[in-house]
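Throughout, read-outs are computed from the coordinates displayed, never taken from laboratory work. A quick note: this is a predicted structure, and the numbers were derived from the prediction, not measured. Here the Cβ positions follow ideal geometry from the backbone for every residue, glycine too, while neighbour counts run over all protein chains shown.
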Amino acid sequence: MAQIQYNKITLIQINRDLKIRMNALPVLQSKEAALRAETKRIRARIKELDKKVQAKIESLAGMKRLWSEFPDLVRLEKVDLVDKKIASIKVKVIKEVIFPPGSFSLFAYPAWVLRGREEIKEVIRLKVEHLTEEKILKSVEYARRKTTQKVNLYEKVQIPFFEETIRKIKRYLEDEDNLSKSSQKVLKRRMEAATV
């Protein structure tokens, strides 16, 4: 930290800085707790999406030999994202997964193609959700780490430093005041002794 000047102006500034950090600390701690809870929720959501994708793929295993014949009918056109705040962290969440309206002749393909097309769309939708949740998790974890660092900086470094500095300045000012009073008493006695 910077060189400390032992005067009342510095004492006032340090008191102000200490008060700011003491007021900010509970807010930061609650933000950190909210981010931890959100991280846990997102991880659970990612696991759930993994299970859904695996279950969907396993349910389609019976049609495995048909997939080699599946025509190229499914394309991802666009993923609409919207901004959302999670514990004051701005993230993008999925609003809608858009596939182009593919028109194909039901008579030109086997009957299972229509169902297969919907199944593939569902798998793609789940994978896009999974990737989006992973990006959100990275953002939230980064913010949580930064918040934790700030909480630790305030709790373990700055607040104790400011409290110790305030004690030192107050002691110095008290000692200086006592010395001033003592020297005034000595000067008063000398003046009284000189007048007698």
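Between Glu164 and Leu81, what is the spin-label point distance in nm, taking each point 7 Å from the Cα along the Cα→C-beta axis?
Rounded to a tenth, the inter-label distance reads 4.5 nm.
So if I take the alpha carbon set of region 8-181, get Rg, then get Rh from the Kirkwood formula, what is the Rg over Rh ratio?
Details: Rg = 29.1 Å, Rh = 21.3 Å.
Looking at region 8-181, the ratio lands at 1.36.
Which whole-number percent gives the relative contact order of the chain, counting Cα pairs below 8 Å spaced six or more residues apart? Don't skip to the answer; put the middle values down first.
Working: 131 pairs, mean separation 67.4, N = 196.
Value for the chain: 34 percent.
Taking only DSSP H segments of four or more residues, each worth -39500 (n - 2.57), what value at 222 nm results for the chain once the sum is divided by all its residues, to the nearest 500 deg cm²/dmol? The partial results should precede the final answer.
Details: 4 runs with 134 residues, N = 196.
My calculation for the chain gives -25000 deg cm²/dmol from helical runs alone.
At a temperature of 25 °C and a viscosity of 0.890 mPa s, determine how fast region 1-74 diffuses translationally according to Stokes-Einstein, using the Kirkwood radius over alpha-carbon pairs as Rh; express D in µm²/s, rounded to the nearest whole number.
Numbers: Rh = 18.3 Å.
Once the numbers are plugged in, D ends up at 134 µm²/s.
Alpha carbons only, please: Rg and Dmax for region 100-185, in angstrom.
Here Rg and the maximum Cα pair distance are 34.6, 113 Å.
What is the extension gain from Ile20 to Lys138, computed as 0.36 nm multiplied by their sequence separation minus the C-alpha to C-alpha distance, in nm to one decimal? Numbers along the way, then the final one.
Values: separation 118, 0.36 × 118 = 42.48 nm, distance 2.97 nm.
Computed gain between Ile20 and Lys138 is 39.5 nm.
Tell me which lysines have Cα within less than 18 Å of Lys19's Cα, excluding those fewer than 8 residues away on the same chain?
Correct list for Lys19: Lys8, Lys150, Lys156, Lys168, Lys170.
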